[in-house]
Structures are given as structure tokens and as C-alpha cells.
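Each value in this text was obtained by applying a stated rule to the coordinates, not by laboratory testing. Please read these numbers as outputs of a predicted model, since none were measured by experiment. A quick note on method: Cβ atoms are made from the backbone with ideal geometry, for glycine too, and the neighbour counts reach across all protein chains shown.
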Amino acid sequence: MPYVVKPGVIGVAIMPRIEGDGRSLEELLYDATQAVLKDAGITIEDVDGIVVASNDQYDGRAISIMAASGSVGGVDRDILSTPSAGEHAFVLGALRVACGQYRTQLVVSWSPTEASSIPEAQRLAADPYFHRRLPMDEQASHALQASALMAQVPGLDAAAQAVLRKNRANGGRAYPDLVQAPAQSGKPTRWPLPADSMAPPVTGVVAILLAGEDFVREQGRTDTAWIAGMGWTTEPAFLGDRDLGEAPALREAARQAYAEAGIDSPLDSVQVAEISDATPFQELMAYEALGLAPRGEWAALSEDNRFGANGSLPVNLSGGVTCLNPVFCTGLIRIAEVANQVRGRAGRHQKAGVKRGLAQASSGMAMQYQTVIVFDREEKGAAA
Amino acid sequence: MSARVGIIGIGQSAFKARRDDASYPDLVREAVVTALNDANMELDDIEAVVYSLSPDAMVGIGNAERVGVDAVGARNKRFLRVNTGGATGISSVAAAYYHVAAGACDVVLTAGADKVGECGDSQTVLNKIWDPTYERQLPLGTINMLAMSAVRYMHKYGMTEEDMARVVVKNRWQASKNPNAHLRKETTIEEVFASRYISWPVKLFDCCPQSSGGCAMVLASEKYIKDRGLDAVWITGVGHCSESYYLGDRMGNGQTADHADAFALRASFARAFKMAGITDPRKQVQVAELYAPFSNTEFHSIEAAGLADLGQAPAMMREGRFQIGGDIPVNPSGGTLCTNAIAVTAMVRVAEVAQQVRGRAGGHQVEGARVGIASGNGGDHQFFGTMVIEA
Amino acid sequence: MELLKRKEAWNITYTHALGETASWFYVQLRDHAKIYGKRDAKTGRVLVPPRSFSDQSLQPTTDWVEVGPGGRIETFSIVYEEFQNLPPPPYAFGYVLLDGADTAIGGFFKGVDLTDPKAASEKLKIGTRINTKFAEKRVGDVLDFWFEPEAG
């Protein structure tokens, strides 16, 4: 750990699917903030700073952080936003605690479904110079990525189906009231993504409270998920500049996080993982880049079920994005789920005896942004 | 406690109304190359990038930071974007600062650009910053939003339109000395008065232009700087603070902040000053670059920075205390009033102060500047970032 | 050399949920031409327009309070410039503290000749008493009402 102060997660509120109750966005943010304060057992007076993340085009607000200043307690407080990704708000919040100038940070991300078309909102992210005229939304980019991978890995379809089956089984256990049975249209919307494999976009909010080692010690807390390592990276902008069947940015993000956490062999080190599975192909690619299973082993996964709920390393016990898809905050939810597993507060899908957990979050076209966080149950040594 | 963080490279465009010769990422790259040359570094030396970009709608590209990844050379590196509206630029420098202060990185680049001239009508875009429930149905824009601040400031402290014009004359005169400024033509009080009303009491000359251009800065740890014997100036104070989203909550009875003043800017400066050990800014600060896109807002910014008592800034301006050669020159670069490429405007404030305390501000150098302050305002006069920079 | 440009427009619409508090406010406005605020129980301040929580105290608001129709101007501006998708100039709008309220609500000012900026700004100066006028046909929007100076 290179940090001046060791940061950890002391509170989590995950609202992965909110439907039809008519609350305004600001009311949802207020409720999520109150919930995370309650989970951590602290008051807003204990919060030194805030980092939020949202997407102007999903929100229909030209500077969507503005709606947050009042609702998440930002009035007369220090609040920043990282609209690049929900997981980036976590990284910046953690850095602010880690530099010793803040005792706590509140991190909030949200994803509404008030836009007439989320794919259309995503298409605006294509540059007007070369790509805007193409039908390039995020699903389309994920399909192009899957197709590139398919050309490199034989038998990929069966491995992808196994990932879907695993995540659906997990989601049904973790959030039985929220997860819908997949549609049965049988029609693929974007080849080669399997028909009915994408969960529909839903409204969601996630909030996390971070605190430094001094704050945790003073409060005598024992339910902190300590940040043992963080890595965050990006792929280049243009898909044509990438080998879409490889995830070099994720390999680098994992290298950064593992180096900080002192991990040589992740399979021997972590007991639980959450992976951004916007498509099952992305989960497979993440297995490889995170050092959990190279592509040569993917065909065996449906047999040995090593990443299943009872496997040697359960991945996406929450059911992942396969089951609940609040689009913009799915990455931060992966981090929140692992923090809760390490804190022993994951609810129905808690795995017993988690000492160390791994979260991977990706955002953007064909996983442009990659973030890897390692959490520890024990505070292993103070910061540098 | 964390070690000090230094600024070792600065690059900014010569800002203009249009840059049809350069795409949006081209403009970012131009600033990055200038900053790296200034620092005598290569892109490979950079460990992380903080991307400075305010509303996507201004450049007309959703998550436009993604298109900028290559311009800042961030492939397979740490990368994130910050947005606090008009304060984005200073918030991005702060975010880069936290990367280094936390111990996560030794060398961090922050960069961005804007092409406000391409968005059609920035006030149309900016109307969409207000909440759709209550305030967006009104014809709000940033101009009339701050015109309403002027009306309250006039009412509370007796500011006149002539006082406002005096700010324009000072800043245009200072901008004429700065080759990077967008509006560099000197003007007179009579000319300001002859310009048409946009939103009473704000006239055309009281308004900032819509500028295109970029800015970039390289920050490094004290150890990195000392090990290599590099020249640096130091970020010794950093602060942020916010106000309510609702303009109508900044008036009436019992409000925390008054829309006449800049309550959260004052609180933000208090945080930065405490960190830097500044107890009497009028004695300890020699130069200030304060984000003021309209002439009237320079007054409450000066007061929030502690350089004048509440309501006293117009009188002190009349005495020439805030111009180059005065007690504490404010916006010697010409400020936001003469150049506003929104995504980087507040970064330019920090960059200009850093150049001043480096003694490299050229024609608009403030003699003997050792300690300077910078600020940025964003949202609907809602988010405020501040910094203290020392030689 | 020839430098090309390309025109692009963003075409997305949004259906924003207003929540219970704003919904009730707008129904009263639409159906009864009445303006209500909601009280912050902790500080006693009446928030107009009503919010379900106070961003100063972070407490939920509690009881409804009818406010206005009289009030005083807290700030204003008179717009003389045309902006895309905004009303044709000149027009005046700003914020009013309605009687019984502690925060100001935005709306248009009408009934004032805006031709001469100086004279018009005198008629709208801070502290001026106003009356709230309601449109005959109301849709549940802040444009259902506007303010006119009492003195005319």
C-alpha cells in the first residue's frame, strides 16, 4: 500500500432496481444518502467530502452533479464529480481519504431511465468526426467485441451460455424480488450476443461511505472493507485502434491493484469476485485479464463450475449485470457488492469467511474503462 | 501528513472564437504537448491523467473525455474525468493533486479543451442545467442568473453599472498584455456603456466571450521534483465548497448563502487558506486569478477571497488597487471576462497564478509575486474550488 | 485548404418523475390556482417551491402551508437578447418571496413596460410588492402564474 492513510468502506447502500414509485431523481439520491449513513451508523456531520458520478445524457441534465449538491448533503460541503464512470468516483473518493486531508468521503452514483432512448443517449458518445453516422451504442460495441473474440476462441458460445446460467442462478438467489425472468423472444438483437441475454435498463442508485484508518479506529469499527489495492485504466478511444478480443487495459489495472495488494496469485488470494458482465463474453475476457482463467480453460468452466456459487471462487454472487442493469452505476455496484461481502453484510448471497474480495468494473464502449479494487477484511499493516 | 505537490509543466492555447483548423481532441493535444515541453518530459513519464471537461453538450459529444484519451496519451494508464461545471478546471487540478498527495502516483497530467463556439448557443445548453421540476421552465441562463446576482449586490452595497464597467476596462487592459487572451482589445467606460443590454444590468461588454482552446498542467511529488532537481511551484492550499441548487433558496429569509455574495467561495477559500497557513490574505497574497465570467461577479469574488470587506470591492477597484501595479492585482491575465473556454477556464486560473509565482507571466507579470490564489465557480454559482500556489 | 464542418443535433426527450411533493404542489396550482410551500420541521422555514427535504437541514419537510398571492421581489433581470429556444425579448423574470414563504420562487414579471431599461428596472427593484396572477387555463407548470407590481 503506497497511501498516506489507509482507506476503507464503512457503509454501503445498493438500490439496484427502483421502479414505478414516482420519486424524483433528487428524492432517490436523498433516500440513498440517508440509507448509506444509516448503514454506516454515522451522520452527515461526519462526512467531509463527496464524489458523485452520473451521465448528463441519461439524466437529461446538462450538469447532472448539480442535482446532487442538495440531495446528497453537498450544501456547504466539498463535492466533486467524475462523469466518466461511477467507479471513478470511488477511486477519487479513496484517493481523497488516502492523502490524509479527509477523514471520510461519500460516493454516490445513479442511473435513471427517464430518457426516451438510452441507446440514443449512448450514440452521442460517438465522435462526430468518424463514428457518429454508425449505429454505435454500447450494446453494439459489446457485440463487435464478442464477434472479435469469437474469431479468436473456438467454442465460445457454450462458455458464454454457462456464464449466463451461473449469473441467472445467482441473481435469483440474491435478489429474488428484483430479478425478472429473462424475456423469451428468442430473437438476437445484436449478433453474436445471445438472444435475451441482456437485462433491460432499470433505474438504480448506489452509495458508499469511505473512511480513513484513524476514523475507523476512533469509532472502534470492526466491519470495514479495507482497500488493499486499486487499479484504473483506459483503452484508446477508437475501436479500430484496439484488438477487441484482448483487454490490455484490464491487465494493466489488475497489475496495479495486485501490486499494491501484494497479490501474486489471485486465485489463491481472493474468496469472492464481482465482474462487470454487460455481456457474458466480457466476463470471460475479465477472467483472463484478471489472471483467473486463461481462454484455454473457458471450455471447461461449464463442467467444473469453479466460478459458481459453490465453486472455488464464486463470481457475481449478486447475479451481476446479467440480472440487474442500472446502466451507469453497474460498475460501482460491483465494488459495493464486494465491499459488502468482505464486511459480511451481503445479505442472502453472503459467502462465509470472505477475507479478501476482488471487484472489477468496466464502462464505456467495449469496456473502454477498467477498474480493479481489492478489499481486505483485516487491516493489514498501516499505510506507508 | 502527505508531502508537498508541485507544478512542473504548464501549457495553454492562444484562445480564439473558433478553431476550425483543429478538432476537439487536436486542441487537447496541443495543450498537452505545450505542457510536456514546458516540463521537458515525454508522455511516457506520465502515470495518470485527470481529464478536465464540463458539460458534454458544450462540445456536442457524449462522454467526450473518451475521445480525448488518445490526445492525453492515457492508453493503459490511470484516467478519469472531473466535471463541476465552470469550476471543472480547478477541480481537475485538485483531483490530480489528490493522486499525488495520496501517494498513488508521482507524476500526473491534467488537461482539457473546449470549443464553446461550436455548440450553437451556449445559453440554450446552459438552460438545461436547471432542475426540470421547478426552475427550467424559466428562461434561465448563466447570464441572467448572474445578472440577478448583480441586482442583489447593487441593492445590498450600492454597486453601479459604472463600477461594473470599470472591471471590464481593467481586465481588457490586462488582457491586452496577455498573448493567450481571447478579447485583447482595450476598451473604455463609454464603450462599455454603449454596448447593448443582454440581461439588465449586464451589457455585452460585461460578458465573457465563448472561447476555443485548451490547457494542461503536469503535477509531481516533492520527491520526484527533488530527486531530479526540477523547477517547481507548490500547491499549498486546496478547497472546495458548494451551495444549494435552487437560486430562490439564496434569498428570502434565513438562507445559508445570499445570491448577492459568494458564500461557498468564501468557505472554500477558508479551507485552502487554513491548509496553506494564510491568516491575512491582504498581506500574504500578491496576485489573484478569480473566476468571474461577468464583470459584477469579480467584486463578490474579491470579497470572498478576503481581499476586501463585504461591499467594499467596488470602492477599492475605483482606487486602482486590483490592477497590475496596484496592491493585489486581480486577473492580470484579463481573466475569465476576456477568455472563457469553459472546460479549462478554471484551470487557466491556476496556470496563470503558477506562471506568476514562477515569474514567467511575461507582459502581465506581477512584480515580486511569491504567493497567489486561484478560484473556479461552477453550476448555477454553486460549486467553488480554490487554490493557493507558492513559489 | 478546405476546412469542413458538420451540423449535428441531439434528439432525446426525457420524462422526469416529479415525486409526490412537487406533484401535489402542481395539482393544487392547476386545479385551484393556489401556491403552497412545505415546512422544514427542524428550522421552521417554509420552502417555496416545496421540496420533500431541506438541503440545509437534510430533514424531510412536513406540513403544507399556503403562501402568497402577495409578495416582494427578491431579484430580477430584464432580457433584451434573443437566445435559441428561449422566449423572444424583451422579457422580465426573477424571484419573489411570497407572503408566508422563506425561500423565493421564480416567475415572469408582467405589466411593466420594458422599453426603457432604466425605468423598467426601477419598477422592478428589490423589495417591490407584487401580486400573483394565474392563467385561466393552467397545466401544472410554473408558467401557470406570473407576478405584477402592486403599484402597476
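If contacts are Cα pairs under 8 angstrom and at least 6 residues apart, what is the relative contact order of chain A in percent? It would help to have the intermediate numbers written out before the result.
Numbers: 826 pairs, mean separation 97.7, N = 384.
Normalised by residue count, the contact order of chain A is 25 percent.
Across peptide B:379-385, how many C-beta atoms of other chains are within 10 Å of each residue C-beta, on average? Before the final figure, lay out each step's value.
Details: counts 6, 3, 0, 8, 9, 1, 2.
If you average over the peptide's residues, the count of other-chain Cβ atoms is 4.
From the cross-link list A:Lys6/A:Lys355; B:Lys128/C:Lys38; A:Lys355/B:Lys77; A:Lys6/A:Lys380; B:Lys226/B:Lys274, which pairs have alpha carbons spaced over 21 Å apart?
On the way: A:Lys6/A:Lys355 17 Å; B:Lys128/C:Lys38 26 Å; A:Lys355/B:Lys77 29 Å; A:Lys6/A:Lys380 10 Å; B:Lys226/B:Lys274 26 Å.
Violating the 21 Å limit, Cα to Cα: B:Lys128/C:Lys38; A:Lys355/B:Lys77; B:Lys226/B:Lys274.
What shape does region B:173-317 have by the C-alpha gyration tensor, where a ≥ b ≥ c are the square roots of the eigenvalues, rounded means a/c under 1.5, and otherwise prolate means a/b greater than b/c and oblate the rest?
Oblate, because a/c is 1.5 or more while a/b does not exceed b/c.
Using just the helices of the protein assembly as shown, give the 222 nm mean residue ellipticity in deg cm²/dmol: DSSP H runs with n ≥ 4 each add -39,500 (n - 2.57), and the total is spread over all residues, rounded to 500. It would help to have the intermediate numbers written out before the result.
Values: 31 runs with 300 residues, N = 927.
The helix-only estimate for the protein assembly as shown comes to -9500 deg cm²/dmol at 222 nm.
When ranked by the protection proxy of mean other Cβ atoms within 10 Å per residue, highest first, what sequence do the peptides B:300-307, B:360-367, B:71-78, B:215-222 form?
Working: B:300-307: 25.2, B:360-367: 16.2, B:71-78: 23.2, B:215-222: 27.0.
Ranked by mean Cβ neighbours within 10 Å, highest first: B:215-222, B:300-307, B:71-78, B:360-367.
Can you compute the FRET efficiency between B:His155 and A:Ala352 using 1/(1 + (r/R0)^6), with r the Cβ-Cβ distance and R0 = 56 Å? Round to the nearest 0.05. Could the numbers behind the result be given before it?
Details: r = 66 Å, r/R0 = 1.18.
Once rounded, the FRET efficiency stands at 0.30.
Excluding same-chain residues fewer than 8 positions from B:Lys185, which aspartates and glutamates have a Cα within less than 18 Å of its Cα?
Once the sequence-local aspartates and glutamates are set aside, what remains near B:Lys185 is B:Asp206.
Beyond 30 Å between alpha-carbons counts as too far, so tell me which of B:Lys170/B:Lys223; B:Lys156/C:Lys118; B:Lys170/B:Lys283; B:Lys170/C:Lys118; A:Lys38/A:Lys351; B:Lys16/B:Lys203 fall in that bin.
Values: B:Lys170/B:Lys223 41 Å; B:Lys156/C:Lys118 18 Å; B:Lys170/B:Lys283 22 Å; B:Lys170/C:Lys118 25 Å; A:Lys38/A:Lys351 23 Å; B:Lys16/B:Lys203 21 Å.
Checking Cα-Cα distances, B:Lys170/B:Lys223 exceed 30 Å.
Throw me the Rg/Rh for region C:19-149, computed over C-alpha atoms with Kirkwood Rh, two decimals. Spell out each step's value before the answer.
Working: Rg = 15.5 Å, Rh = 15.5 Å.
Here the Rg-to-Rh quotient is 1.00.
Using amide H atoms built in the peptide plane, which far-off residues or other-chain residues are under 5 Å from A:Asp78 H to H?
HN-HN under 5 Å from A:Asp78: A:Ile50.
Which whole-Hz couplings ³J(HN,Hα) result when phi for each residue of region A:45-51 is put into the Karplus expression 6.51 cos²θ - 1.76 cosθ + 1.60, θ = phi - 60°, listed in order with x for Gly and Pro?
After applying 6.51 cos²θ - 1.76 cosθ + 1.60, I find 4, 7, 8, 8, x, 9, 10 Hz.
Report for region B:257-391 the percent antiparallel among DSSP-assigned beta bridges with both residues inside it, nearest 5.
Working: 8 of 12 bridges.
If I count the DSSP bridges inside region B:257-391, around 65 percent turn out antiparallel.
Report, ordered by chain and residue number, the lysines lying within cross-link reach of C:Lys137, taken as a straight Cα distance under 23 Å and ignoring same-chain residues fewer than 8 apart.
Counting by Cα, and skipping residues close in sequence, C:Lys137 has these lysines nearby: C:Lys34, C:Lys110.
Could you name the aspartates and glutamates in cross-link range of B:Lys177, using Cα to Cα under 18 Å and dropping any fewer than eight places away on the same chain?
Output for B:Lys177: B:Glu186, B:Glu289, B:Glu352, B:Glu367.
With a cut-off of at most 14 other beta carbons within 10 Å, and DSSP calling the residue loop, which GluC sites (Glu not before Pro) in region B:97-205 qualify? Please list them. Can you show the working numbers first?
Numbers: sites: B:Glu118, B:Glu135, B:Glu161, B:Glu162, B:Glu186, B:Glu190, B:Glu191; in loops: B:Glu135, B:Glu186.
For GluC sites (Glu not before Pro) across region B:97-205 that sit outside H, G, I, E and B with at most 14 neighbouring Cβ atoms in 10 Å, the list reads B:Glu186.
What average count of beta carbons from other chains do you get within 10 Å of the Cβ of residues in B:151-157? Mind dumping the intermediate values first?
On the way: counts 12, 5, 1, 3, 6, 1, 0.
Rounded to a whole number, the mean comes out at 4.
Need one number: % antiparallel among DSSP beta bridges in the protein assembly as shown, to the nearest 5.
Numbers: 106 of 137 bridges.
If we restrict to bridges inside the protein assembly as shown, about 75 percent are antiparallel.
Averaging sequence separations of C-alpha pairs under 8 Å and six or more residues apart, then dividing by the length of region C:19-149, give the relative contact order as a whole percent. Kindly include the intermediate steps, with their values, before the conclusion.
On the way: 282 pairs, mean separation 30.7, N = 131.
Across region C:19-149, relative contact order equals 23 percent.
What relative contact order, as a whole-number percentage, does region A:330-369 give when Cα pairs under 8 Å and 6 or more residues apart are counted? List each step's numbers first, then the result.
Values: 34 pairs, mean separation 17.3, N = 40.
Relative contact order of region A:330-369: 43 percent.
I need the calculated FRET efficiency for the pair C:Glu150 and B:Thr256, taking r as the beta carbon distance and R₀ as 41 Å, to the nearest 0.05. Present the calculation step by step, with values, prior to reporting the outcome.
Details: r = 30 Å, r/R0 = 0.73.
Between C:Glu150 and B:Thr256 the formula returns 0.85.
Inside 10 Å of the C-beta atoms of A:364-372, what's the mean count of C-beta atoms belonging to other chains?
Details: counts 4, 2, 0, 0, 4, 7, 2, 2, 0.
That works out to 2 on average.
Output ³J(HN,Hα) for region B:356-371: one whole-Hz value per residue in order, computed from phi by the Karplus curve 6.51 cos²θ - 1.76 cosθ + 1.60 with θ = phi - 60°, and x for Gly and Pro.
Residue by residue, region B:356-371 yields 4, 6, 6, x, 10, 7, x, x, 10, 5, 8, 4, x, 5, 10, 10 Hz.
Compute the long axis of helix B:142-157 from its Cα atoms, compare it with the longest principal axis of the Cα atoms of chain B, and write down the angle in degrees, 0 to 90, nearest 10.
The angle comes out near 60 degrees.
So for the pair A:Asp214, B:Leu310, with labels modelled 7 Å out along Cα→Cβ, what separation do we get in nm?
Between A:Asp214 and B:Leu310, the label points sit 3.2 nm apart.
Just to check I understand the Karplus step: with θ = phi - 60° and J = 6.51 cos²θ - 1.76 cosθ + 1.60, what whole-Hz values come out for region B:380-386, glycine and proline as x?
In residue order, the calculated couplings are 8, 6, 10, 10, 10, x, 9 Hz.
Suppose R0 equals 22 Å; then what is the FRET efficiency for C:Val27 and A:Asp177 from their Cβ-Cβ distance, rounded to the nearest 0.05?
On the way: r = 31 Å, r/R0 = 1.41.
For C:Val27 and A:Asp177, the calculated efficiency is 0.10.
Lys and Arg at +1, Asp and Glu at -1: add these up for the other residues within a Cβ distance under 14 Å of C:Phe109 and post the number. Mind showing how you got there, number by number?
Details: positive: C:Arg72, C:Lys110, C:Lys123, C:Lys125, C:Arg129, C:Lys133; negative: C:Glu74, C:Asp113, C:Glu122, C:Glu148, C:Glu150.
Value of the local net charge: +1.
Could you work out how far the C-alpha centroid of region A:66-112 sits from that of region B:1-27, in angstrom?
25
For chain A, what is the percent of antiparallel DSSP beta bridges, rounded to the nearest 5? Intermediate values should be presented prior to the final figure.
Numbers: 35 of 49 bridges.
Expressed as a percentage, antiparallel bridges in chain A total about 70.
Taking the Cα centre of region C:19-149 as origin, sum charge times position over the Cβ atoms of Lys and Arg (+1) and Asp and Glu (-1), and report the length of that vector in debye to the nearest 20. Please list the in-between numbers first.
Details: 16 positive and 18 negative charges, 54 e Å.
For region C:19-149, the charge dipole is close to 260 debye.
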